[in-house]
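See structure below.
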Amino acid sequence: MMKQWIPNRNDAMALLKEYTSNEGLIRHALAVEAVMRRFARLKGEPEDKWGIIGLIHDLDYEKFPQEHCRKTVEILSDRGWPQDYIRAAASHGWGICSDLEPREYLEKVLYTIDELTGLVATSALVRPSRSVLDLTASSVKKKWKDKRFAAGVDRGIIEKGAAMLGMDMTELITETIMAMRDVAEAIGLRGSL
């Protein structure tokens, strides 16, 4: 039996850049990658695999917004990506643009933190420092209550995901912030600190 090809980070980054030129989307992909890597470390799971899936999860969003997730399945399948990577990437759109329910822990994390990274980033940008480095979970939770703030962030998905993960919101937000601090410069959230 032939050994399955496993993509590395360079493969994922090249593919992301092939389909994505919008800097905001690339920063989002880097933020999601960092958070996925952190959660993999916390669970003792393969960090590279989780990070790569985080990096390519929105692969099709810029060029094919009406086919989001479905086009990613097609692109990754055509290039021989492993099925579990493909399924994980597509499951993050469950209930919106995909009928693949997140089953694996990796999939549940991606589903949850995809929206949460957006809320964390927006919360950081309204701080005087414009930085994630001094952001706290309590600051994000205060912003959470204002439905007009980051109105595009689906808080229901984050809540449903937190329940799937069995995590309380403060812990979930804190872990997300800590991961995003690791890549603050790359995602434009170093600010003035």
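The values are calculated or read from the model by the stated rules, or taken from the named source; none is laboratory data. All figures in this text were calculated on a predicted structure; none of them were measured in a lab. When we count neighbours, we look across all protein chains shown, and the Cβ atoms used for this are built from the backbone with ideal geometry, even at glycine.
Overview of values
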| read-out | value |
| --- | --- |
| Unique residue being under 16 Å from the mean Cα position of the chain (by Cα), at pLDDT below 95 and farther than 22 Å from residue 26 by Cβ when the list is 144, 94 | 94 |
| Leading residue by the ranking (modelled with the lowest pLDDT) among those in the range 152-173 that are over 14 Å from the mean Cα position of the chain (by Cα) and in a loop (DSSP other than H, G, I, E, B) | 152 |
| Which listed residue is within 20 Å of residue 27 (Cβ to Cβ), under 15 Å from the mean Cα position of the chain (by Cα) and surrounded by fewer than 21 Cβ atoms within 10 Å (Cβ to Cβ), from 112, 117, 122 | 122 |
| Some residue of the range 51-67 being over 16 Å from residue 25 (Cβ atoms), among the hydroxyl-bearing types (Ser, Thr, Tyr) and in contact (Cβ under 8 Å) with a residue 24 or more places away in the chain | no |
| Hits in the range 1-43 (condition: of a type in the set (D, E, K, R) and in a helix (DSSP H, G or I)) | 9, 11, 17, 18, 23, 27, 33, 37, 38, 41, 43 |
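Okay, residues lined up against (1) aromatic (Phe, Trp, Tyr); (2) in contact (Cβ under 8 Å) with a residue 24 or more places away in the chain; (3) surrounded by 15 or more Cβ atoms within 10 Å (Cβ to Cβ); (4) not in a helix (DSSP H, G or I):
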position	(1), (2), (3), (4)
108	no, yes, yes, no
139	no, no, yes, no
150	no, yes, yes, yes
175	no, yes, yes, no
